[in-house]
Each structure stands twice: as C-alpha cells, then as structure tokens.
1. Anything in the range 80-103 that is over 12 Å from Leu54 (Cα atoms) and in a strand (DSSP E or B)? List them, or say none.
2. For residues in the range 104-134 being in a loop (DSSP other than H, G, I, E, B) and in contact with a Ser or Thr (Cβ under 9 Å, 6 or more places away or on another chain), which is nearest to Ala71 (Cα to Cα)?
3. Checking the conditions here, which among Ser117, Ser104 is surrounded by fewer than 18 Cβ atoms within 10 Å (Cβ to Cβ) and either in contact with a helix residue (DSSP H, G or I) (Cβ under 7 Å, 6 or more places away or on another chain) or over 30 Å from Ser141 (Cα atoms) (or both)?
4. Which pairs have Cβ atoms under 6 Å, sit 6 or more apart or on different chains, and link a residue in the range 104-122 that is more than 15 Å from Lys53 (Cα to Cα) to one that is assigned to a loop (DSSP other than H, G, I, E, B) and of a type in the set (Ser, Thr, Tyr)?
Amino acid sequence: GRFSVHAAGNGVFIIKFDNGPWDVWGYHLALHPWRKDMPLELGDCKSMPVWVKLRDVPMQYWNKMGLSYIASVLGRPLHMDANTTHRHALVFAHVCVDIPATSSFPDTITLQLEDGSTTSVGVEYPWRPSACTLCKVFDHSNRTCPRATRREWIPRLILMAQRKLEDAEGRITIKRKGNNMDVGTSSLKEEAVSGPKEDDRVQGSIPP
C-alpha cells in the first residue's frame, strides 16, 4: 500500500499508511493510533504489539473469545488476521498481542480444559523485539542501556627491570620505589673450561 511521511520536529515523524502490518528490514513496524492533543515526543516503549502464532488450539477455543482468553496470558489481545477470523486455516491462529517489556516470551501456554485436564498451546514469535531488563522498556537492549554497569580495562602494574652499567657480572637491578635490589649473581659471559692453572696447584714440599 501507499504511505506518506511528515516531519513533526523533535525527532518525531508522522507516517500515514493505507493498510498493514508493515515490516521494515525484517523488523515489525509498531504504530500508535493518532488521538487529539497527542504529545509529539518520544516516550518510553513499555509494551509492543507483536504478531504471534498459536498452535494446537482446541476447536472449542477457536473463536474470538477463546483465542482472546489464550492470548491474554501473553499480554493484551488486539486483533486477529482475516484467515483466523474466518477460520480459513486451522493450523495456527494468528493474533496480534500487546506484549509488555517485562514478558519472558513463553514458548508454550498450559491451558486447562473444562473436564479438568490440561493441554499445551504452542507459541511462535515471527519477530521478537529486544527489551532492556533494567529499564523494562523496548527502546534499547541491555548492551546499550545507560544504566548498565560498564567494565573498564585497567592495565596491571608492570615491574620494570633495568640493567645498570655499574652492575657487575650481569647483575640485574630492580627499581622499587627508589630502592635498588640485586637479583641473581650469575655472569652473562661465557668462559671456556680449562685445566688447573699454575696458581691453583697444591703448595707444599715434595715427600721423600
């Protein structure tokens, strides 16, 4: 269908559609009906109209009252599509529900029948909006929430080691708050192994 866009200022746009629902880049476009004296400002989105599919619905509940009763577990039922209203396809019921941001989006609904037994109704969400569990709104997710605690990377203190020119035999001097401490006594030079020197011989007289 056709649509027209009108800028209202403050980041608000008035869009007029001929029909719906509309999807933009795979995301469902949620609209609020126009009312008199409606403020032209962006408010907190605490609920969102979402189309859901209800599967394995018992035949006695396949009417406006029965489907509204089942869908009320998810939120506030709004309307059904034409196929569901006229029962053209009984594989699933297509219902639009105003779901709050605090919803856990359950995959099944346990329905108690008149005879006391229970049955499970499957719930599918062709599009599931992301919500912030801290602010309880659909405007943003937890990752972009301004109230979320941010983790900051702080580098560890590095113990700097420096070799000084006056260090003998390759000793390492570690700087620690102005005090010097020698670590290690091994020499960095390599020497060839040789036999005993003249000075290393045992001194004494030759026995008779």
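No value in this document is a laboratory result; all are computed from the given coordinates. Computed from a predicted structure; not experimentally measured. When we count neighbours, we look across all protein chains shown, and the Cβ atoms used for this are built from the backbone with ideal geometry, even at glycine.
1. Of everything in the range 80-103, those that are over 12 Å from Leu54 (Cα atoms) and in a strand (DSSP E or B) turn out to be Asp98, Ile99, Pro100.
2. Of the range 104-134, the ones in a loop (DSSP other than H, G, I, E, B) are 104-107, 113-117, 125-131, 133-134.
So of that shortlist, the ones also in contact with a Ser or Thr (Cβ under 9 Å, 6 or more places away or on another chain) come out as 113, 130-131, 133.
Working: Leu113: 15, Ser130: 20, Ala131: 20, Thr133: 22 Å.
Ranking the candidates gives Leu113 first.
3. On the way: Ser104 fails: either in contact with a helix residue (DSSP H, G or I) (Cβ under 7 Å, 6 or more places away or on another chain) or over 30 Å from Ser141 (Cα atoms) (or both).
After applying the criteria, what remains is Ser117.
4. Sorted first by the residue in the range 104-122, then by its partner, the list stays empty.
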